[in-house]
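Laboratory data are not the source of any read-out in this text; all were calculated from the coordinates shown. Bear in mind that the values here come from a model prediction, so they are computed numbers and not experimental data. So basically every Cβ, Gly included, is an ideal-geometry build from the backbone, and we count neighbours across all protein chains shown.
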Amino acid sequence: MDYYEFWQAVIKEIATAPANEERRIVTFHDPRQYAGALSQWKSLKPSRPGLRKVKISPLIRAFVVPAASAVNLMHKYAGALTIEEDLRIQIHSSAASPTTRKTSHYLPWGVKAIRAPQAWSRSTGVHIKIGVIDTGADFLHPDLKASLASGVNLLHRGILPLDDNGHGTHIAGTLAAAGGTRGMMGVAPRSLIYPVKAFDHTGSAYVSDIVLGIDWCVQNRIDLINMSFGMKTRSKALHDVVVKAYRAGIPIIASSGNDGKRGGDYPARYSETIAVGAIDNKRRVASFSNRGSYIDVYGPGENVPSCWPKEGYREMSGTSMATSHVTGAAALLLALCPGLTPRQLKLLLRRTSSPLRLRKGQRRAALGGGAVDAMRLLRARTRVRRIAAGEGPASTG
């Protein structure tokens with residue numbers, strides 16, 4: 001392959017492409033060819049400023065380039081490349097509504113429902129690093145100051161991943177708020193959130209930015225990834241990077257979507273993720289939540305209060321909110337059992353979940369897993385090997 005010619009074609013299209021032109025994800029089949037293209041890109045970039053717009057994912061050997069140049073590359077190097085559309089992807093939540101509840105020593109109903117406070121005598125999630133691929137976070141929120149690491153802003157490299165939407169701050173609050181006696185408490189208040197800003201102020205992102213976000217989490221040895229978003233279409237690049245994280249031992253916990261149907265969105269549909277549905281405060285599957293046998297576990301997701309930018313608090317509903325409860329419970333367990341594999345964590349979450357309350361006409365088997373229970377999860381840690389091997393149910397309590 002002529003790598004110089006390859007990049008000249010890309011440079012030509014970048015020079016004429018409009019700012020909002022569609023993009024393509026170009027993945028190399030051969031690691032040696034990717035290495036050659038990467039080396040040429042690095043050598044040309046100082047003299048070709050346009051190449052700085054090209055994004056790379058070393059984990060799956062991919063470049064993100066303008067759509068027109070990808071078409072030309074596809075014709076010339078069809079056998080060496082996989083080229084796919086860089087689709088848009090949305091966060092999973094409803095609109096936020098203000099909450100006037102006083103926050104003095106505030107435990108949201110979802111944190112209590114999964115019995116997180118009872119688990120804190122055993123684990124608070126200390127030292128567990130959680131990558132939250134979302135809209136960023138409010139670094140000035142008093143309940144989050146001690147819970148946030150610098151993370152990364154994939155939309156504007158070098159700038160702090162500040163939240164201009166609110167969704168990411170809400171997720172971070174449920175996960176790890178540590179307001180003590182004067183503020184809100186999250187599920188795993190001693191865990192550390194690494195905001196990975198991939199979504200803009202409208203709650204929309206490109207698949208390539210999700211790929212780069214997972215890539216960043218793997219490269220930075222994050223322990224656990226929260227992904228509260230989804231799309232209807234499969235993406236090979238997204239699946240490839242999810243598999244890479246799975247093989248690296250990093251569990252990905254993903255929301256199933258808010259269509260109120262059997263089935264659900266990707267990436268939760270990929271078997272390498274832990275798929276989450278939402279329940280209400282009566283432990284019934286929320287009317288908006290997707291459901292089905294592929295759902296591994298359900299978490300509180302209806303009218304969930306949490307942190308909001310500018311030192312505020314809001315209620316939100318969605319499988320996004322449910323996912324942050326499950327990720328928090330997983331962080332409590334990983335702090336005690338840091339060697340757990342993604343497969344073992346999934347099995348433990350499924351087998352320690354509490355039974356759901358069924359609505360009229362519902363069948364338990366058609367819903368998938370049960371409701372996450374932090375206490376049952378931690379009590380099962382001594383039986384990790386037996387449960388992971390499928391030899392029997394976890395203890396209850």
Checking the table 145/282; 12/55; 129/197; 55/129; 129/232 against a 22 Å threshold on Cα-Cα, which pairs fail? 145/282; 55/129; 129/232
In whole angstrom, and with the biggest value first, how far do the Cα coordinates of the range 318-383 range along each principal axis? 41, 26, 20
nm² value of the averaged projected area, convex hull over the Cα atoms of the chain: 19.4
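Give, in nm to one decimal, the length gained when the segment between residue 164 and residue 271 is fully stretched (0.36 nm per residue of separation minus the Cα-Cα distance).
On the way: separation 107, 0.36 × 107 = 38.52 nm, distance 3.18 nm.
So the extension gain works out to 35.3 nm.
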Between residue 8 and residue 90, what is the label-point separation in nm under the 7 Å Cα-to-beta-carbon projection? 4.4
Sequence of 181, 27 once ranked by neighbouring C-beta atoms within 10 Å, starting from the fewest: 181, 27
At 24 Å minimum axial length over the Cα atoms and a Kyte-Doolittle cut of -1.0, report the qualifying DSSP H helices in the chain, or say none. 319-336
